[in-house]
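The values are calculated or read from the model by the stated rules, or taken from the named source; none is laboratory data. Because the structure is predicted, anything quoted here is derived from the model rather than measured. In this analysis, Cβ positions are derived from the backbone assuming ideal geometry, glycine residues included, and neighbour counts consider all displayed protein chains. The protein model used for the area step is the full one, side chains on, heavy atoms only, and it has no ligands, DNA or RNA in it. Shrake-Rupley method; radii C 1.70, N 1.55, O 1.52, S 1.80 Å.
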Amino acid sequence: MEKDEHAFEKLEQAHAIIKDGIADTMDIYGVNRSVGQLYATLYLNDGPMTLDDLRDELGMSKGSMSIGVRKLLEEKIIHRVYRKGERKDLYEAEKDFFQFFISFFTRRWERERSVNLQAVKQAIPLYEALVDDAETPDEVRAEAAHTLKKITASLEYYEFLGLLVEQFQTGNLAKDLVERYKNKNGTS
């Protein structure tokens with residue numbers, strides 16, 4: 001009995017290390033650590049879990065858990081699942097890390113592109129007005145022209161980022177890269 005208890009403690013210790021690692025990684029990319037813990041708990045669990053199951057496992061309030069689950073659903077890295085006879089919502093983690101990567105990062109790249117494109121498009125007319133206005137002091141005109149050139153050049157990057165997101169979302173680039181990786185490493 002004592003040996004079994006020790007083995008379960010070791011298993012829980014290993015689970016805790018994985019959960020912390022996943023939560024820390026998600027924190028690096030701007031996802032609250034407790035939301036990372038939610039994902040990690042669902043990832044390590046063999047089957048779907050309810051909010052009550054998650055609360056019991058993590059000791060979080062139902063409210064913060066509900067917010068975290070909603071965020072993970074939006075990120076498309078957990079899924080609501082159906083089980084006949086179950087009245088409560090069940091959630092399951094995306095276990096395919098390649099799909100996780102695609103869902104998680106393409107949303108961030110899309111946001112980066114959108115936010116920065118909007119800023120560039122708003123700023124361009126202001127810089128152009130400074131450059132074109134004969135009353136603009138030479139020093140200001142020179143800086144405005146230099147910055148205008150710089151931000152106009154950045155539009156190429158945002159176009160690339162848009163294509164990258166599109167290729168990942170359609171599965172073309174990601175599928176090719178995953179296949180190359182698997183072939184190189186002999187995995188399937």
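Residue count for region 135-155 satisfying the condition of being assigned to a loop (DSSP other than H, G, I, E, B) and either hydroxyl-bearing (Ser, Thr, Tyr) or touching a residue at least 24 places away in the same chain (Cβ under 8 Å) (or both): 1. Can we say residue 80 is touching a strand residue (DSSP E or B) at 6+ places or on another chain (Cβ under 8 Å), open to solvent by 30 Å² or more (accessible area, probe 1.4 Å) and under 30 Å from residue 42 (Cα atoms)? So residue 80 passes the test.
Checking the condition without any contact (Cβ under 8 Å) to a residue 60 or more places away in the chain and part of a helix (DSSP H, G or I), which residue from 107, 83 passes?
So the residue among 107, 83 that is without any contact (Cβ under 8 Å) to a residue 60 or more places away in the chain and part of a helix (DSSP H, G or I) is 107.
Going by the conditions given, is residue 175 within 19 Å of the chain's Cα centre (by Cα) and not hydroxyl-bearing (Ser, Thr, Tyr)?
Working: within 19 Å of the chain's Cα centre (by Cα): yes; not hydroxyl-bearing (Ser, Thr, Tyr): yes.
Answer is yes for this residue.
From the list 67, 102, 18, the lone residue that is open to solvent by less than 30 Å² (accessible area, probe 1.4 Å) and either touching a strand residue (DSSP E or B) at 6+ places or on another chain (Cβ under 6 Å) or in a helix (DSSP H, G or I) (or both) is 102. Screening region 136-174 for residues that are open to solvent by 30 Å² or more (accessible area, probe 1.4 Å) and within 18 Å of residue 104 (Cβ to Cβ) and picking the one that is modelled with the lowest pLDDT gives 173.
For region 105-153, give me each residue that is hydroxyl-bearing (Ser, Thr, Tyr) and farther than 30 Å from residue 28 by Cβ. Don't jump to the end; show me each part of the working.
The first filter runs over region 105-153 and keeps only residues hydroxyl-bearing (Ser, Thr, Tyr), leaving 106, 114, 127, 136, 147, 152.
Answer for region 105-153, where residues must be hydroxyl-bearing (Ser, Thr, Tyr) and farther than 30 Å from residue 28 by Cβ: 127, 136, 147, 152.
Scanning region 107-123 for residues that are open to solvent by less than 80 Å² (accessible area, probe 1.4 Å) and farther than 13 Å from residue 158 by Cβ yields 108, 123.
Yes or no: residue 158 under 26 Å from residue 26 (Cα atoms), without any contact (Cβ under 8 Å) to a residue 60 or more places away in the chain, among the aromatic types (Phe, Trp, Tyr) and outside any helix (DSSP H, G or I)? Reasoning before the result, please.
Values: under 26 Å from residue 26 (Cα atoms): yes; without any contact (Cβ under 8 Å) to a residue 60 or more places away in the chain: yes; among the aromatic types (Phe, Trp, Tyr): yes; outside any helix (DSSP H, G or I): no.
It is false that residue 158 is under 26 Å from residue 26 (Cα atoms), without any contact (Cβ under 8 Å) to a residue 60 or more places away in the chain, among the aromatic types (Phe, Trp, Tyr) and outside any helix (DSSP H, G or I).
Step by step: first the residues of region 48-60, then only those that are open to solvent by less than 20 Å² (accessible area, probe 1.4 Å) and either of a type in the set (D, E, K, R) or out of contact with any Lys or Arg (no Cβ under 6 Å at 6 or more places or on another chain) (or both), then the one that is nearest to residue 15 (Cα to Cα). Which residue is that?
If we filter region 48-60 for residues that are open to solvent by less than 20 Å² (accessible area, probe 1.4 Å), which is where we start, we get 49-50, 54.
This time we only want the ones that are either of a type in the set (D, E, K, R) or out of contact with any Lys or Arg (no Cβ under 6 Å at 6 or more places or on another chain) (or both), so: 49, 54.
Details: 49: 16, 54: 15 Å.
For region 48-60, the residue satisfying everything is 54.
Please go through region 34-59 and pick out each residue that is among the small types (Gly, Ala, Ser), touching a residue at least 12 places away in the same chain (Cβ under 8 Å) and not in a helix (DSSP H, G or I). Break it down stepwise before answering.
Going through region 34-59, the residues among the small types (Gly, Ala, Ser) turn out to be 34, 36, 40, 47, 59.
So of that shortlist, the ones also touching a residue at least 12 places away in the same chain (Cβ under 8 Å) come out as 34, 36, 40, 47.
Listed by number, the list holds a single entry, 47.
Regarding residue 86, is this residue at pLDDT 90 or above and under 20 Å from residue 42 (Cα atoms)? No, not satisfied.
Taking into account only those residues within region 1-55 that are basic (Lys, Arg) and over 26 Å from residue 107 (Cα atoms), which is modelled with the lowest pLDDT?
Keep residues of region 1-55 that are basic (Lys, Arg), which gives 3, 10, 19, 33, 55.
After this cut, where a residue has to be over 26 Å from residue 107 (Cα atoms) as well, the list is 3, 10, 55.
Numbers: 3: 80, 10: 92, 55: 90.
Once the filter is applied, the top-ranked residue is 3.
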